[in-house]
Amino acid sequence: MASGVCLVVSDIDDTLIPRGTYGLPRRTSAAIERFVASGRHFAPITGRSRDDALKMFGDCAAGCATGAFVNGQVVYVDGRLVRSELLPSARLQEVADYLDRCTPAANILLYRGASIHALTKKPWRLNDYPSQENGRRDGCIQAIEEPWVEKANIQCACDPQEVPALAARLSRQFEDFDFVQPGDVSEIDIAPKGWSKARGVQVLAQALGMELAQIVAVGDSDNDVALLEYVPNSYAVASGTATARRAAAYQLPPVHQEPVAQVLEAILAGETQPFCS
């Protein structure tokens, strides 16, 4: 990790913040603020919407001024929107109808700014699997009125170990979407085919006029693999999935040890790859 690094991109859940907690740890928040104040850029690269990320960053708003949200589909630089890849509502409706018809219990959630709505014609099924995200919803709708949607994911009643099989089924049925499990959870992210966090980094690098050698990427899960493979200076946290650890060039301590703070502090100190494994 060279002192010439000008951009650090990091996943949020189970990389920056342990899943199940809400809000940046104090050391991590302070490290991000120092890093940005030094003239460099920090960018969350997450499946979450920007509205959701801003809430999690709390008082550390500078840490979200630049970022690639919704798995790289929505990209901001210094508070300015530079790219938005939206999902076609008509096609999402077909996915929702398929889930209603062909699964015992799974539904799409639509994220519109700060609001969340389940898209299903069988809302009574939601009572059988009250996931954390389903619990945050503002209501249910049977059809989408807008032509495009910024963010959508699927909540599943099955165990996380069964999610890859459903994602594979959906990928065969709807070839214009990618369906990715974001960690060890009963959820599936929906993205335009071929769009990933790696594409989000490409947009960030172009907008900032940076080379890949000036970027460090940190992640933990299977939806970070494309990112970790694309950025040469990539790090996976030790608590992450085996697939993510194999994809990364280097390994960091587990999430509860605030590994991203350690990376930022090392760059500011001019240290070179202190976490190589």
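FYI, it's all coordinate maths here, none of it is from the lab. Everything numeric here is computed off the predicted structure, so don't read it as measured data. Using ideal geometry, Cβ is built from the backbone for each residue, glycine included, and neighbour counts are taken over all protein chains shown.
At the listed q of 0.11, 0.14, 0.16 Å⁻¹, the Debye profile of region 87-192, built from one uniform point per Cα, gives log10 I(q)/I(0) equal to -0.28, -0.46, -0.61. Along the chain, the longest continuous region that contains none of the trypsin sites (Lys or Arg not before Pro) in a DSSP loop with at most 12 other C-beta atoms within 10 Å is 1-135.
For A61 and W124, a Förster radius of 45 Å and the Cβ-Cβ distance give a FRET efficiency of 0.65, rounded to the nearest 0.05. Of the GluC sites (Glu not before Pro) in region 123-209, the ones in a loop by DSSP (not H, G, I, E or B) with at most 11 other beta carbons within 10 Å are E145, E175.
Per the Kirkwood formula applied to alpha carbons, region 150-232 shows a radius of gyration over Rh ratio, Rg over Rh, of 1.03. By the beta-carbon count within 10 Å of each Cβ, the least crowded to most crowded order of L86, L110, L252, L81, fewest first, is L81, L86, L110, L252. Based on Cα contacts under 8 Å between residues 6+ apart, region 87-192 shows a relative contact order of 26 percent. In the chain, the DSSP-assigned H stretches of four residues or longer account for a calculated mean residue ellipticity at 222 nm of -8500 deg cm²/dmol, using -39500 (n - 2.57) per stretch and the full residue count as denominator.
Restricting attention to the chain, the count of lysine pairs at 8 or more positions apart or across chains with alpha carbons under 25 Å apart stands at 6.
If you take all other residues with their beta carbon under 12 Å from the beta carbon of W148, and give Lys and Arg +1 and Asp and Glu -1, the sum is -1. Fewest-first ordering of F57, F69 by other beta carbons within 10 Å of each residue's beta carbon gives F57, F69.
Counting neighbouring Cβ atoms within 10 Å and putting the fewest first, the residues V225, V70, V77 line up as V77, V225, V70.
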